[in-house]
1. Would you call residue 324 under 27 Å from residue 223 (Cα atoms) and more than 14 Å from the chain's Cα centre (by Cα)?
2. For region 63-77, which positions are buried (at least 17 other Cβ atoms within 10 Å of the Cβ) and within 21 Å of residue 289 (Cβ to Cβ)?
3. Does residue 5 satisfy the condition of being over 22 Å from residue 161 (Cβ atoms), touching a residue at least 24 places away in the same chain (Cβ under 8 Å) and surrounded by 15 or more Cβ atoms within 10 Å (Cβ to Cβ)?
4. Do we have residue 191 as closer than 23 Å to residue 306 by Cβ and either surrounded by 12 or more Cβ atoms within 10 Å (Cβ to Cβ) or in contact (Cβ under 8 Å) with a residue 40 or more places away in the chain (or both) here?
5. Determine if region 85-94 includes at least one residue that is closer than 27 Å to residue 246 by Cβ, in contact (Cβ under 8 Å) with a residue 60 or more places away in the chain, outside the structural domain of residue 244 (by TED's automatic domain parsing) and surrounded by 15 or more Cβ atoms within 10 Å (Cβ to Cβ).
6. With the checklist (1) farther than 20 Å from residue 286 by Cβ; (2) in contact with a helix residue (DSSP H, G or I) (Cβ under 9 Å, 6 or more places away or on another chain); (3) surrounded by 21 or more Cβ atoms within 10 Å (Cβ to Cβ) in hand, flag the one item residue 52 doesn't pass.
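The values are calculated or read from the model by the stated rules, or taken from the named source; none is laboratory data. Bear in mind the structure is a predicted one, so any value in this text is a computation, not a measurement. Note that we place each Cβ from the backbone using ideal geometry, even for glycine, and neighbour counts take in every protein chain shown.
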């Protein structure tokens, strides 16, 4: 069976997914697209031999669409995810599921009412081989209990329309979800430390910053967010446990040693660094859709991440520790 996918928002991330689906992923095909930019939708549809729809609602309702992939602007996600649930169609939604926890809660309620998990959230780091090996080791208990985790999320630069809160709800959200999954527990509080600002930033940004989180059992996670580091896309993670540590290895397969020194190249963006994770993530989603199953992050994961982001954003403007407020996990997502 070939899963016929409707793509909403075939921009940068959407186009990267289309390329993966049509070149290295088996069992899926993008047959329909819609976008707020009608010209772009028609251009992409023409290039892939698909249909351009005037709006997302028409695409979701189309008989030729088996499953929906949403890669549009975050605030637009809720309406389209709810429409896909109502249509009974599996939906892969790029992060964030929604910008706020209240909106994610409405999605969970609709999904529970339908009685079937249909929503997968695009938290791709769960599919990265290095993170998966870290989780396997930590879960084994070989290093004892995890005590703290040090993370860094560095981008070479961001555009001027990157707003002050996006450091939390667009950038740090990746570590928030990954560490919930890696540690197997929820966060209960957030704090933001504000070091000296880089001069190579837009005036409205606090850059860098350090998001400090605490889990239910007391594990401390610190996440350096530095979105104008200039030199590359640099992702770091080290878990400190009772009897040892484990950290992500370097991001490239080769190291050059010559008269100029020892060096390796640095990734420039998320598609470069996590290409393999994106492929695994989408392949597993297509495979699951084909047999009527669910895989990957759930609406609960999107909601929980949004709750932590809400606390983190408040901590950007409030001094001290901010409590993470969330409902108890429904049995539906257990």
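1. Criteria met by residue 324.
2. Those that are buried (at least 17 other Cβ atoms within 10 Å of the Cβ) and within 21 Å of residue 289 (Cβ to Cβ): 65, 66, 67, 68, 69, 70, 71, 72, 77.
3. Numbers: over 22 Å from residue 161 (Cβ atoms): yes; touching a residue at least 24 places away in the same chain (Cβ under 8 Å): yes; surrounded by 15 or more Cβ atoms within 10 Å (Cβ to Cβ): yes.
So residue 5 fits the description; yes.
4. In short, yes.
5. So in region 85-94, the residues closer than 27 Å to residue 246 by Cβ come out as none.
The answer is no; no qualifying residue exists.
6. Checking residue 52 against (1) farther than 20 Å from residue 286 by Cβ; (2) in contact with a helix residue (DSSP H, G or I) (Cβ under 9 Å, 6 or more places away or on another chain); (3) surrounded by 21 or more Cβ atoms within 10 Å (Cβ to Cβ), the one that fails is (3).
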